[in-house]
Structures are given as structure tokens and as C-alpha cells.
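Taking it in order: structure first as C-alpha cells, then the write-up.
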Amino acid sequence: MGVATLISPEDTWALWTVLALSAALSIYLEQKYAWASKITGCILATVFTLVLANLNVIPTDAPVYDAVWGYVVPLAVPLLLFHANVKKIWKESGRILIIYLLSSVGTLLGGFVSYFALRNAIPQLNDIIPMFVGTYTGGSVNFIAMSEQYSVPGKTVSAALVADNLLMALYVFVLISLPSMAIIKKLYKHPYEDALLAAQAGDQDQNKTMAAKYWGAKEISLKDIAFAVAIAFTIVTVSTKLAGLISGFFSGGDVFSKFMGGFFGNKYLLITTITMLIASFFPKQMSSVKGAQEIGTFLIYLFFAVIGAPASIPMIIKESPLLLVLALIVVAINMVVSLLFGKLFHFSIEEIIIASNANVGGPTTAAALAVSKGWGELIIPGLLTGTLGYVLGNYLGIFVGMLLH
């Protein structure tokens, strides 16, 4: 049995209240104070629930959290893509995709290094490594898929997932601080940061944070909210049904079927593709719907609040502190490889950060980081490449698993 908490896992209303308050307070602080804007609201939301979970105020696992993963996150994706311009995205995402793929080499290398470093200390490590390679290429979807693929015991999966969540939260802190480091400024191009500084120089609202400027008041009608939400629900429903049909059609065990089912049967990839197609063929109609980005971003903040809840520090210490070391090795090598390839192929530090974040944290964290830093042109590329990682993560995880077995 788990430790008793002030709010029980079944107390649905109370848990939704905690998540909503965490998101609201994070947004307020991010827009009000410079220090909070630098940390970013998404990290604050994660920290709030992490602290509450470790003080036994809220549970580390609850049906409400599953609802956020299952319903809130899929709805957020189309809402953030209402203004997608395919030509512009291809131009911008092309570069991010290249550095993202190079960054994934770091995850792969990190998996092998951590295996040979810890194979005598952690039992069944050849079953565990694919989970971390999968999640640090795509996301938690891949983590769970690899745990099922290699029949990892539930207790080990829980401890590993906690280590993954905690390390990811810490890594986002590192990524946020990179652009302000003197040595990074000297070694890498930083056009997005330069553009922000130039914009701020002629800005009459210099006392406002970047988040406050980006999310300033806009004219939004009831019809806008109704259409935004209805369109998002429709896209998610169609994508989910279509993904099920495609996965069922390509259910064979051969390589082709696995690829077709895994790629075209991926719900998130279909959500992204369908939304982009609608936005591209009906740009005027979609751009006329106001408030979609605001609603989508708030939903993402709820997601960040959920990320912090399972990060039980006592559980890591008790179950397996070495899993945290494993995660640290994989993430550290991903960062080093990303920075090396980024320097070699002349990528900007902002592109490197978003690509590495898309690998380690997934599409939602990459998009939220881009928003919080004011890198508007990198929001959709980060979201798209991270979504592609949901597919790539399974293949790299299985590839590593085959070699280690």
C-alpha cells in the first residue's frame, strides 16, 4: 500500500483544483515577476505539485493524472496548431528535425554507456535501458511501450518513471539557463535571443516579462471559444478513431506492418497532420478563430502540473537511486552530443535547446519552453519533431533492446 496522503487518489474534484491552481499560479508568477519568467511557468507548475506530492499532500498516482494524459494533452495539440503555415513550418522544422535526429544519437549513445557502466549494479538492465532510450527520444508513451515489450516488473517501472520525471524537470532548468551562460554565448549563434533583446530595446513595456507581453489581452468572443474547443474535439476524435483503424489494419509482426502501424497509426502524429492540413487549406477560417493558443497553452500547464506529481523523491531513494544515475548519464550524453553536433553544423543555441528538449521531454515540453522564452518561431517545429519522436522512440528502444539481448 502507498503512503496515505491528505488528498486521496479518488478525490477527483480536489485534485483537479490543485492542478488548476498550480497552473493559474504559475501563469500569474511568470507574467508578474522576472525571476519566474526566467524559470518559466511550466517548471513552476511542475515544482508546485512535486513539493505537494513529496509532502504527502497529493498522491503520486491518481485517475485524474491519467485523464490529463489521455484527454487534456491530445486536446492541447490541435489548439496550438490552428495557425500552422505548412511552407513556413517546413522551412523552420527542417533545421530542427536535423538537429533533433542528431540529438537522438546522444540518447542512443547514452543508453549504451549507462548499460556498460551500471550492468553489474542494476539487475535486468538490458530490459530497463530500452525504456530510457525510448522515453528520451520520444516520451512517456515510449517508456510504457518498452516496459511492456520487455516485461519489466511493475515495481521497477514505477521507480524508473519517477527517476525519469525528476530528471526531466531538472534538465529543463539546465536548458533554460544555457542561453545566458557566457561560454555558450561565445561559442554559439543566438539569433532568437538577439531578436528579443532588440525588440525589448524599443519596447515601451520593458517592465513587463516576456510571458506577459506574449500573452497580452486579446479580443476573444464566445463563438471563438466554442469553435476552438469543438474543432479540437473533432480533430482528436477523428485522429483517435483513424489511428485505431490503421493500427488494426497493420497488425502483422513483420517490419513493414510494424512501421506502418507505428507511424501512421500514431494518434499524436495524426492529430498534428490533420490540424496542419485544415490550417493550410482553410487558413483564413482557422486564423479567424481567436483564443485557441491560449486555451491550448493552459491545458499544457495542467500537463506540467501532472508531471511533478509522480516524482516521489523518497521512492527513488528507497527503490533504486541508481536508476536516477542511469537517467542522468543518458540525459547528460544527449546534451553533450547535441551541443557538439550543433556546433559542428552551425545550429543556433536556441535550435539545439528545443531539439534536445523535444528528445528528452517530448513535444509538449519543447513547445512550452519555446513559448516561455519568447522563441515564437520554434514552437511548432518543437511540437512537430517531438511528436515524431513518439514513433522514433519505439524503434530506437527496440533496436537497443535487440543488441543488449
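The values are calculated or read from the model by the stated rules, or taken from the named source; none is laboratory data. What you see is a predicted model; the values in this text were computed from it and never measured. Don't worry about glycine lacking a Cβ; one is built from the backbone with ideal geometry, like all the others, and counts go over all protein chains shown.
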Residue by residue through the stretch 30-61, note down the ones that are buried (at least 19 other Cβ atoms within 10 Å of the Cβ) and without any contact (Cβ under 8 Å) to a residue 24 or more places away in the chain.
LEU44
Out of the stretch 324-346, which residues are crowded, with 23+ Cβ neighbours inside 10 Å and of a type outside the set (Gly, Ala, Ser)?
LEU326, VAL330, VAL331, ASN334
Kindly indicate which of SER287, SER257 is of a type outside the set (A, V, I, L, M) and free of Cβ contacts under 8 Å to residues at least 12 places away in the same chain.
SER257
Scanning for something farther than 30 Å from LEU50 by Cα and either at pLDDT 90 or above or of a type outside the set (S, T, N, Q) (or both), does the stretch 288-305 turn up at least one residue?
yes
Pair list, Cβ under 7 Å, 6 or more apart: the stretch 351-362 residue part of a loop (DSSP other than H, G, I, E, B), other residue small (Gly, Ala, Ser)
GLY362/GLY138; GLY362/GLY139; GLY362/GLY386; GLY362/GLY389
Anything in the stretch 194-219 that is modelled with pLDDT of 65 or more and either in contact with a Cys (Cβ under 8 Å, 6 or more places away or on another chain) or outside any helix (DSSP H, G or I) (or both)? List them, or say none.
LYS208, THR209, TRP215, GLY216, ALA217, LYS218, GLU219
Over the stretch 11-24, the set of residues crowded, with 17+ Cβ neighbours inside 10 Å and free of Cβ contacts under 8 Å to residues at least 60 places away in the same chain is ASP11, LEU15
Would you kindly identify the helices (runs of 4 or more DSSP H) lying entirely within the stretch 83-187 that contain at least 2 residues that are on the phi < 0 side of the Ramachandran plot and of a type in the set (Phe, Trp, Tyr)?
86-118, 154-177
Name the residue that is surrounded by the most Cβ atoms within 10 Å (Cβ to Cβ), counting only residues in the stretch 295-313 that are over 17 Å from the mean Cα position of the chain (by Cα) and assigned to a helix (DSSP H, G or I).
ILE295
Return the pair list, or none, for Cβ contacts closer than 8 Å from residues in the stretch 367-379 that are modelled with pLDDT of 75 or more to residues that are of a type in the set (Lys, Arg), at least 6 apart or on different chains.
GLY374/LYS213
Using beta carbons and a limit of 9 Å, which pairs, at least six apart or on different chains, have the first residue in the stretch 62-82 and free of Cβ contacts under 8 Å to residues at least 40 places away in the same chain and the second one surrounded by fewer than 17 Cβ atoms within 10 Å (Cβ to Cβ)?
ALA67/THR12; ALA67/TRP16
Residues to consider are ILE316, ILE271; find the one that is crowded, with 18+ Cβ neighbours inside 10 Å, more than 17 Å from the chain's Cα centre (by Cα) and touching a residue at least 12 places away in the same chain (Cβ under 8 Å).
ILE316
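In the stretch 364-385, which residues are more than 15 Å from ILE43 (Cα to Cα), in contact with a Phe, Trp or Tyr (Cβ under 8 Å, 6 or more places away or on another chain) and assigned to a helix (DSSP H, G or I)?
Within the stretch 364-385, GLY376, GLU377, LEU378, THR385 meet the criteria.
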